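Heads up, the thing below is written out as structure tokens.
The values are calculated or read from the model by the stated rules, or taken from the named source; none is laboratory data. The structure displayed is predicted, hence computed values, not measured ones. These accessible areas exclude ligands, DNA and RNA; they are computed on the full protein's heavy atoms, side chains included. Shrake-Rupley method; radii C 1.70, N 1.55, O 1.52, S 1.80 Å.
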Amino acid sequence: MEAQFKEAIQILSASLNAGYSMENAVASCFKELELMYGLDGLITKEFAYMARQMELNRPIETLMSEFAARSGLEEVENFARIFAIAKRSGGRLVPIINHTVQVMNDRFQVKEELRTLTASRKFEQKIMSLMPFLIILYINGTSPGFFTVMYTTLMGRIIMSGCLGVYGLSCYLSGKILDIPIG
């Protein structure tokens, strides 16, 4: 939904830059979103609802606030607040929306980069977690009996139990380190 909203706001910004009024820009945005996501897309339904409600003379600020409440997304809530303030204060709506769109694009790009970086690190962590098992399988397959001392004597069992504990702790800690919430 976040990516769809980003696309919708970019279309809305382009329509406003082309000289459309806010009401016409929302209707134009709905048509573009329908082409992109179909009538079943969540963002398409929201903009269709807003376009219908504006025909009934409901203020766009109220509709944006309601959309923000329904979506639960921080970006939508921020945009609705900024939009309402700009509309009420009689400020330059088009430059304010353009700046807001640019800021949202930057935030979205940073989030995508973080997701990409953490995904590669999570994959590396999974490989590193498998390495001890693969090493043990390789040594056991190429040199049968090499680990007999480690698993049959009391001291070997204590050492291997300690190694297993360290391994479990390292897997837990690496999972915690890579569990970065990306808003």
Margin query: On a straight-distance basis, which lysines could pair with Lys176 in a cross-link, Cα separation under 16 angstrom, same-chain partners fewer than 8 positions away excluded?
Written below: Lys122, Lys126
Notebook entry, point to check: Taking the chain as a Gaussian network, where each spring joins two C-alpha atoms under 10 Å apart, which residue of Gly156, Gly38, Gly90 fluctuates the most?
Noted result: Gly156
Checklist line | Selected from Leu35, Leu16, Leu114 as most flexible by GNM, with the chain as the system and alpha-carbon contacts under 10 Å | finding: Leu35
Margin query: Straight-line reach from Lys6: which aspartates and glutamates fall under 14 Å, measuring Cα to Cα and dropping same-chain residues less than 8 apart?
Written below: Glu32, Glu46, Glu74, Glu75, Glu77, Asp106, Glu112
Next item on the list: List the DSSP H helices in the chain whose Cα atoms stretch 24 Å or more along the helix axis and whose mean Kyte-Doolittle hydropathy is at least 1.0.
Entry: 154-178
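Where the accessible area of the chain is counted over protein heavy atoms with a 1.4 Å probe, how much of it, in %, is carbon and sulfur?
The nonpolar share, carbon plus sulfur, comes to 64 percent.
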Note to self: Test of understanding: what is the full-extension gain from Leu178 to Glu66, defined as 0.36 nm times their sequence separation minus their Cα-Cα distance?
What the structure shows: 36.8 nm
Check: the range 89-178: D in µm²/s via Stokes-Einstein (Kirkwood Rh, Cα pairs, 4 °C, 1.567 mPa s)?
Finding: 73
Checklist line | Estimated 222 nm signal from helices in the chain, with DSSP H stretches of n ≥ 4 weighted -39500 (n - 2.57), rounded to 500 | finding: -29000 deg cm²/dmol
Margin query: With every protein chain kept in place and ligands, DNA and RNA left out, what is the accessible area per residue of the range 1-59? Probe 1.4 Å, answer in Å².
Written below: 52
Check: What's the long-distance tail for the chain, i.e. % of Cα pairs beyond 20 Å?
Finding: 66
Next item on the list: Return the single residue from Thr44, Thr118, Thr148 with maximal mean-square fluctuation; model: Gaussian network over the chain, springs between Cα atoms under 10 Å.
Entry: Thr148
